[in-house]
Amino acid sequence: QVQLVESGGGLVQPGGSLRGACAAPGGILNKNVMCWYRQAPGKQRELVAMMTSGGTTNYAESVKGRFTISRDNAKNTVFLQMNSLKDEDAGVYYCYTRVQFTNYWGQGTQVTVSS
């Protein structure tokens, strides 16, 4: 069983920044893909950013240049730095990984963008 715990969501004005954090068990980050997804009300969950075990990153077109995924192996934590936030970035952000053919999700952290 792999437990992922997100934190760092909150309320921010358009144009503001937030940093999400996902704590994972030791040994997970550098051996498995780590992803951030988000889900807005009434919409499907969508992939926002991912990082492979080798450190390669990929982003949804809608967040390129504004969001950055990174990891701290010593702290067993993956981060999502979100800058220049827009109304459409609001939603619940989930951390995801896949270990030995099993999908694991965190409980989610709410991001609200409002003036």
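Between Q39 and S115, what FRET efficiency follows from the Cβ-Cβ distance if R0 is 25 Å, with the result rounded to 0.05? Don't skip to the answer; put the middle values down first.
Numbers: r = 22 Å, r/R0 = 0.89.
Here the calculated transfer efficiency is 0.65.
Can you sort K75, K64 by solvent-accessible area, 1.4 Å probe, largest first?
On the way: K75 140, K64 100 Å².
Final ranking, largest accessible area leading: K75, K64.
For E6, E61, write out the residues from largest to smallest accessible area, computed with a 1.4 angstrom probe and no ligands counted.
Numbers: E6 10, E61 145 Å².
My answer, sorted largest first, is E61, E6.
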Open item on the list: Report the Rg/Rh value for region 1-64, based on alpha-carbon coordinates and the Kirkwood definition of Rh.
Closed with: 0.98
Task: Accessible area in the full protein assembly, largest first, 1.4 Å probe, for R98, R71, R38, R19 - done: R19, R98, R71, R38
Task: Solvent accessible area, Å² - T68, 1.4 Å probe, full protein context - done: 70 Å²
Task: Backbone N under 20 Å from the T56 label point (7 Å along Cα→Cβ), restricted to region 92-115 - done: 96-101
Open item on the list: Check the chain for me: any Cys whose beta-carbon has no other cysteine beta-carbon within less than 4.7 Å?
Closed with: C35
- [ ] Using a 10 angstrom cutoff on alpha carbons, build the Gaussian network for the chain and name the most mobile of N76, N30, N103.
- [x] N103
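Quote the FRET efficiency, to the nearest 0.05, computed for R66 versus F101 with a Förster distance R0 of 22 Å and r equal to the Cβ-Cβ distance.
Details: r = 33 Å, r/R0 = 1.49.
With R0 = 22 Å, the Cβ-Cβ based efficiency is 0.10.
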Task: Simple Cβ-charge dipole of the chain, Lys/Arg +1 and Asp/Glu -1, about Cα centre, in debye nearest 20 - done: 200 debye
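The values are calculated or read from the model by the stated rules, or taken from the named source; none is laboratory data. This one's a predicted model, so the numbers in the text were calculated from it and none came from an experiment. Cβ coordinates were reconstructed from backbone atoms using ideal geometry, including for glycine residues, and neighbour counts include every protein chain displayed. Keep in mind that these areas ignore ligands, DNA and RNA; they rest on the heavy atoms of the full protein, side chains included. Shrake-Rupley method; radii C 1.70, N 1.55, O 1.52, S 1.80 Å.
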